[in-house]
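Quick notes on the structure that follows.
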Amino acid sequence: MRNLLSMTMENLEEYFLSIGEKKFKASQVFEWLYKHREYNIDNYSNIKKEIRDRLNEDFNTDFIKIKKKEEGVEVKKYLFELLDGNYIEAVLMEHDYGKSVCVSSEVGCNMGCKFCESGRLKKVRDLETYEMVEQIILIENDIKEKVQSVVIMGIGEPFDNYDNVINFIKIINHAKGLAVGSRHITVSTCGIVPKIEEFSNLPLQVNLALSLHAPNDEIRNKIMPINKVYNISKVIEAIKKYIAKTNRRVTIEYVMLNMVNDSVDNAKELASLLRGMNVYVNLIPYNETNNIDFRRSTRIKEFKDTLLKSGINATVRREFGSGISAACGQLRSKEV
Ligand code: SAH
């Protein structure tokens, strides 16, 4: 039995056609789920009993649960318990332009980035689409407000759970779904090249961010095992093709690790790597965790200024909640 909140509008239309019903029923179901927030199928009063019974046979509307909440200044961190007892987390951030949520895409992660808490714990399984959709619904219910933007930058590698993530994007982006504008949705990947290519063919105006974190293979090999499969030249080539095809600017994420990737020379090398590309660099102050030895760079400003002087757009990511287990996967790792 599938969860009804895993179904895109197209999936539901196909479903209704397959049981000999009109496809506009899909729209009615979406309105119950996402407008009225009604999860008891028996209450779908504009759908006749016979079809409601059929829906009840084929689908459930089970929900994950908020297990714990930590609150900081302009930030809330949620630990969710999934139906099988696994834990994931999401973060709500308050920007001037509205509320933004960072969701998880997997239970754990197999990418094994050396500085990352989620990678330390390995992937248990992919998240189902409904488990991503429900992170947002539960947060909206909790704050009694709509979420403006969504970043898929929590636990997990979204392109290692591609189909479920794309369906999630379709549901939250749909006008009758959670209606989050496509330009307000960002997917962040460590650089899985074939999926970047697939993503560029998607007819959705969603933003892409690449976790590059190093200006050359020597450094990237040391901190990101994925680089041994798709090295920097392959990943940059894929991003160039993506930009050519979609005409969209890509965010390059660069986590600032003390004495690892943060020298002025590293900044110059990064600038020449990115020269001429429609990108901007988001420098991430490293969130230190007890379990891992990396330290936050003390040269972030210098690094940024070097990029700017070389004509590369760069910003330093605003920090949210360093007081509250903010590093990716930290809240979950206390539980497992
Ligand atoms: N797997 C995806 C998305 C999840 S991680 C990706 O790699 O992009 C989101 C971002 O946070 C990535 O850029 C990741 O490298 C970075 N990150 C991981 N641990 C961090 C930490 N402790 N402090 C700061 N950034 C971290």
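Points to keep in mind about this one:
- Residue list for the range 41-55, filter: touching a residue at least 12 places away in the same chain (Cβ under 8 Å) and under 15 Å from residue 20 (Cα atoms): 47, 51, 54, 55
- Selection of the range 186-204 for residues being part of a loop (DSSP other than H, G, I, E, B) and more than 16 Å from the ligand (Cβ to nearest atom) yields 201, 202, 203, 204.
- When 183, 120, 125 are checked against the criterion of being within 14 Å of the ligand (Cβ to nearest atom) and surrounded by fewer than 19 Cβ atoms within 10 Å (Cβ to Cβ), 120 stands alone in meeting it.
- None of 210, 307, 283 is surrounded by 15 or more Cβ atoms within 10 Å (Cβ to Cβ) and part of a helix (DSSP H, G or I) except 307.
- Every test in (1) within 22 Å of residue 1 (Cα to Cα); (2) modelled with pLDDT under 95 is passed by residue 18 save one, and that test is (2).
- Tally of residues being of a type in the set (Ser, Thr, Tyr) and within 13 Å of the chain's Cα centre (by Cα) across the range 75-120: 3
- Residue list for the range 142-180, restricted to those being of a type in the set (S, T, N, Q) and either within 16 Å of the ligand (Cβ to nearest atom) or crowded, with 19+ Cβ neighbours inside 10 Å (or both): 149, 161, 164, 167, 173
- Tallying residues that are acidic (Asp, Glu) and farther than 26 Å from residue 199 by Cβ within the range 221-272 yields 3.
- Test: residue in the range 30-40 that is more than 23 Å from the chain's Cα centre (by Cα) and in a strand (DSSP E or B): no
- Verdict on residue 11 being without any contact (Cβ under 8 Å) to a residue 24 or more places away in the chain, on the phi < 0 side of the Ramachandran plot, surrounded by fewer than 19 Cβ atoms within 10 Å (Cβ to Cβ) and not assigned by TED's automatic domain parsing to the domain that holds residue 222: no
- Selected residue [of a type in the set (A, V, I, L, M) and not assigned by TED's automatic domain parsing to the domain that holds residue 230] from 55, 92, 83: 55
- Scanning the range 263-306 for residues that are over 26 Å from residue 120 (Cβ atoms) and among the basic types (Lys, Arg) yields 268, 275, 301, 304.
- Matching entry among 133, 103 (being within 14 Å of the ligand (Cβ to nearest atom) and under 26 Å from residue 30 (Cβ atoms)): 103
The values are calculated or read from the model by the stated rules, or taken from the named source; none is laboratory data. Please read these numbers as outputs of a predicted model, since none were measured by experiment. Here Cβ is always computed from backbone atoms with ideal geometry, including for glycine, and neighbour counts include all displayed protein chains.
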